[in-house]
1. Can you tell me which of Ser56, Ser39, Ser48 is under 22 Å from Lys19 (Cα atoms) and either free of Cβ contacts under 8 Å to residues at least 40 places away in the same chain or aromatic (Phe, Trp, Tyr) (or both)?
2. Please state which one of Phe47, Phe43 is out of contact with any Leu (no Cβ under 6 Å at 6 or more places or on another chain), part of a strand (DSSP E or B) and surrounded by 14 or more Cβ atoms within 10 Å (Cβ to Cβ).
3. Can you pull out every residue in the stretch 100-117 that is of a type outside the set (A, V, I, L, M) and touching a strand residue (DSSP E or B) at 6+ places or on another chain (Cβ under 9 Å)?
4. Only one of Ile75, Ile35 is within 20 Å of Arg115 (Cα to Cα), assigned to a strand (DSSP E or B) and in contact with a Phe, Trp or Tyr (Cβ under 7 Å, 6 or more places away or on another chain); which?
5. Among the residues of the stretch 89-101, are any among the acidic types (Asp, Glu) and open to solvent by less than 90 Å² (accessible area, probe 1.4 Å)?
6. Among the listed residues Trp64, Trp24, identify the single one that is in contact with a helix residue (DSSP H, G or I) (Cβ under 9 Å, 6 or more places away or on another chain), aromatic (Phe, Trp, Tyr) and either open to solvent by 30 Å² or more (accessible area, probe 1.4 Å) or modelled with pLDDT of 90 or more (or both).
7. Among the residues of the stretch 23-45, what is the count of those that are over 11 Å from the mean Cα position of the chain (by Cα) and within 12 Å of Met103 (Cβ to Cβ)?
8. Tell me yes or no: at least one residue of the stretch 80-100 is hydrophobic (A, V, I, L, M, F, W, C) and either at positive phi or in contact with a His (Cβ under 6 Å, 6 or more places away or on another chain) (or both).
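The values are calculated or read from the model by the stated rules, or taken from the named source; none is laboratory data. It should be emphasised that the depicted structure is a prediction, and the values quoted were computed from it without experimental measurement. Ideal geometry is used to build each Cβ from the backbone, glycine not excepted, and the neighbour counts take in all protein chains shown. In case anyone asks, the SASA skips ligands and DNA or RNA and just uses the protein heavy atoms, side chains included. Shrake-Rupley method; radii C 1.70, N 1.55, O 1.52, S 1.80 Å.
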Amino acid sequence: MMSLLLTGCNHHDAELRQKITGTWTVNSNGINGTISVASDGSFISKFSVIGTKITSELIYQGTWRVKDGVLITTITNVDGLEPHEPVGKIRNMKILHMDEHEMAYLVNGETITARRK
């Protein structure tokens with residue numbers, strides 16, 4: 001029985017890995033940007049953060065994987081003004097929904113929706 005559950009999780013994760021590759025746009029809570037997810041397990045994201053007086057651009061590069069329906073990213077490089085996430089930061093994002101056009105995920109208690117570009 002346990003092997004059937006593990007096979008089901010692995011199959012679902014494999015589907016998510018296949019669907020997630022590509023470029024996504026995010027517009028949420030003053031953050032606008034794109035996330036490009038490559039099939040080799042790397043990503044690059046470019047965000048404009050709109051503050052009260054300053055708009056700054058952040059560029060993150062890193063690695064990604066999917067395990068048990070969770071997108072796990074690790075930042076390997078960052079460019080932009082602080083404050084920003086540090087190199088080495090691991091973020092777990094529960095994938096709530098994904099199809100060919102849209103992805104919804106939960107991060108820090110907030111649901112974020114990204115659309116395929």
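1. Working: Ser56 fails: under 22 Å from Lys19 (Cα atoms); Ser48 fails: under 22 Å from Lys19 (Cα atoms).
Going through Ser56, Ser39, Ser48 in turn, the sole match is Ser39.
2. Details: Phe47 fails: out of contact with any Leu (no Cβ under 6 Å at 6 or more places or on another chain).
From the options Phe47, Phe43, the qualifying one is Phe43.
3. Answer for the stretch 100-117, where residues must be of a type outside the set (A, V, I, L, M) and touching a strand residue (DSSP E or B) at 6+ places or on another chain (Cβ under 9 Å): Glu100, His101, Glu102, Tyr105, Asn108, Glu110, Thr111, Thr113, Arg115, Arg116, Lys117.
4. Values: Ile75 fails: within 20 Å of Arg115 (Cα to Cα).
Going through Ile75, Ile35 in turn, just one is within 20 Å of Arg115 (Cα to Cα), assigned to a strand (DSSP E or B) and in contact with a Phe, Trp or Tyr (Cβ under 7 Å, 6 or more places away or on another chain): Ile35.
5. Yes: the stretch 89-101 contains one or more residues that are among the acidic types (Asp, Glu) and open to solvent by less than 90 Å² (accessible area, probe 1.4 Å).
6. Working: Trp24 fails: in contact with a helix residue (DSSP H, G or I) (Cβ under 9 Å, 6 or more places away or on another chain).
Of Trp64, Trp24, the one residue that is in contact with a helix residue (DSSP H, G or I) (Cβ under 9 Å, 6 or more places away or on another chain), aromatic (Phe, Trp, Tyr) and either open to solvent by 30 Å² or more (accessible area, probe 1.4 Å) or modelled with pLDDT of 90 or more (or both) is Trp64.
7. Number of matching residues: 0.
8. Within the stretch 80-100, the subset hydrophobic (A, V, I, L, M, F, W, C) is 81, 87, 90, 93, 95-96, 98.
Add one more test, that the residue is either at positive phi or in contact with a His (Cβ under 6 Å, 6 or more places away or on another chain) (or both), and what stays is none.
Looking for residues that are hydrophobic (A, V, I, L, M, F, W, C) and either at positive phi or in contact with a His (Cβ under 6 Å, 6 or more places away or on another chain) (or both), one finds none in the stretch 80-100, hence no.
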